[in-house]
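I have placed the structure first, in the form of structure tokens, so that the comments after it can refer back to it.
Coordinate-derived values only; no laboratory data. Computed from a predicted model, the values in this text were never measured in an experiment. A quick note on method: Cβ atoms are made from the backbone with ideal geometry, for glycine too, and the neighbour counts reach across all protein chains shown.
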Amino acid sequence: MGRLARRVSRRPALTIALAIAVLMSASAALELRWAPPAHGRLSADERAYLRLARDVVERGHWGDLGLKQPFRWAPGTPLLFAAAAELTGQPVDRQTAVGAQVAVGTLLIPATFLLAAALAGPLAGLGASVVVTVYQPLSRASGTTGTETLGALMIVLALLMLAWSMRDQGRRPTRFLAAGGTLGLAALVRGDLVPVAVLLPFVVTMAASRISGMRRGLMSGAVMLSGAVAVMAPWSVFASSHAHHVVPVTDGGAANLFVGTDLPANGTIFGVKRQFAAQTRRVHPATRHVRTFALPEELVLDAVAAQYPGRTRDAALRAAARENLRRYALGRPVAFAGMEVRKLWRMWGGAYAGTRHRAGPGATWEHRLLAGVALLGLLGAIGVVRDMRLVVLLAFIVLTTVVDVVFVSEARHNVRLMPALLAGGSAGWSMIIRRVHGRRGTWPCLVRGR
């Protein structure tokens, strides 16, 4: 043991590799600990992801006749479950899906390390990896069949590619092609990242312009946008041709926008269920004895769409969303703004506890403390060190938050952003400490071209 310890101490890379291996093992154990029993209840989205994956494996196509809107869900997670079933020879079920989720959640550890290390060195990477390992909501997310775990991994990888692209002060704009492509893959996992994939290249353009001039900045942003579009386009063409209308990645935006702009419902689906329970039971008499909170979301939205006869369901929901904006955003702007603030707090103020569970006070305050400390480190480093890579990372988090708050925001939406925030916070605090102690960073400050 003494010889091994001396060898490890002389080889920092080996020490880091061993530490990451230990953290990955601990992460897998924690994720398996929170895995629910096989007979536990699933949310509507979780059932849809499994159903779509089963359809891919058993029938070789996307969506069966039982799903009204098979393109409401992004393809990334169902395809992960289908691939896991094919590789293991097991059926597409909850157990196979959770096994795939645990594998993805375990990969988050080295990915988070690489992101923070790319920004501020290996100590920052180790700090971020430790926190991500013990962050309970991520472990709980891996016990579901939702998109949070895979979405978190793809976001970290996209930001890692961006950090790599900006490493040489943006002098090689072609590197941003890989960053855009990875961001496009992330959007295929989470449809709400499509606006981010389109808008973030403009942020990169401004950041890269400050680093290496307007010409390289414009090239960097254009190349990144091209990479994202090139990855998303094949799926969009496929989905649009089958749905007979334009589908960027998913076609659930109208429903989510209606829910998110419904002031009497406080922007929540449960509020919409209460508001339209009577109409739902009239349109679907079979739900007459179903308790309000248990009314299927799709049937409730059918009742909303029925108020706009002569239109397709999607067109009716878009019209209902526009009516909400006219009536509440323009007619009652103060109350509407208050709802948006509550939605922001609903997204970031609580900890995700898994499907049909509530986080306890301990988990909630742990989440708030970690998110707050990480945000302070990120903002502090931007102010002190002025590293444009951190600006881009913060812009990604802000853009994603804005999209989710405009549509439907829940605590689970912060889970996929937390590894990136924790990596940025760890890197930020590391940069601040080095600056305070007068030590140079791993890479030069990326603000102005030299």
Could you tell me what % of all Cα pairs in the stretch 317-417 have separations over 24 Å?
38
Cα centroid of the stretch 185-255 to Cα centroid of the stretch 68-117, whole Å:
22
Distance between Cα centroids, the stretch 257-273 to the stretch 296-335: provide it in whole Å.
10
Shape box of the chain [Cα atoms, principal axes, largest first, Å]
73, 52, 43
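Just add up the charged neighbours of residue 201: K/R +1, D/E -1, any other residue whose Cβ is under 14 Å from the Cβ of residue 201. Intermediate results must be reported in sequence, preceding the final value.
Values: positive: 175, 216; negative: none.
Computed value for this residue: +2.
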Computed ³J(HN,Hα) along the stretch 54-63: with the Karplus parameters 6.51/-1.76/1.60, θ = phi - 60°, integer Hz and x for glycine or proline, the list is 5, 5, 4, 6, 8, 10, x, 9, 9, x
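If you take the beta carbon distance between residue 270 and residue 368 as r and set R0 to 25 Å, what does 1/(1 + (r/R0)^6) give as a FRET efficiency, to the nearest 0.05? It would help to have the intermediate numbers written out before the result.
On the way: r = 23 Å, r/R0 = 0.93.
With a Förster radius of 25 Å, E is 0.60.
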So how tilted is helix 194-212 from the main axis of the chain? Cα-based, degrees 0 to 90, rounded to 10.
30
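What's the ranking of 109-116, 304-311, 373-380 by average number of surrounding C-beta atoms within 10 Å, highest first?
Numbers: 109-116: 26.8, 304-311: 15.0, 373-380: 19.0.
Peptide ranking by packing, descending: 109-116, 373-380, 304-311.
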Taking R0 as 35 Å and r as the Cβ-Cβ distance between residue 230 and residue 41, the FRET efficiency 1/(1 + (r/R0)^6), rounded to the nearest 0.05, comes to 0.35
Residue separation times 0.36 nm, minus the C-alpha to C-alpha distance between residue 436 and residue 312: what's the value?
38.6 nm
Can you give me the three principal axis dimensions of the stretch 197-339 from its C-alpha atoms, in Å, biggest first?
64, 41, 27
Using only the Cα atoms of the stretch 65-164, what are the Rg and Dmax in Å?
15.4, 52
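Run lengths n ≥ 4 of DSSP H only: what is the helix-derived mean residue ellipticity at 222 nm for the chain, with -39500 (n - 2.57) per run over all residues, to the nearest 500?
On the way: 21 runs with 312 residues, N = 450.
Helix contribution divided over all residues of the chain: -22500 deg cm²/dmol.
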In cubic angstrom, how much convex hull volume per residue do the alpha carbon atoms of the stretch 107-236 span?
96
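Hey, any idea what Rg/Rh is for the stretch 257-337, computing Rh the Kirkwood way over Cα pairs? Don't skip to the end; give the middle numbers.
Details: Rg = 12.7 Å, Rh = 12.9 Å.
For the stretch 257-337, the value is 0.99.
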Spin-label point model (7 Å from Cα, Cβ direction): what's the residue 15 to residue 326 distance in nm?
6.7
Which order do the peptides 413-419, 332-338, 217-223, 238-244 take when ranked by the mean count of other beta-carbon atoms within 10 Å per residue, highest first?
413-419, 217-223, 238-244, 332-338
Using only the alpha-carbon atoms, how far is helix 388-406 inclined from the longest principal axis of the chain? Give it as 0 to 90 degrees, nearest 10.
10
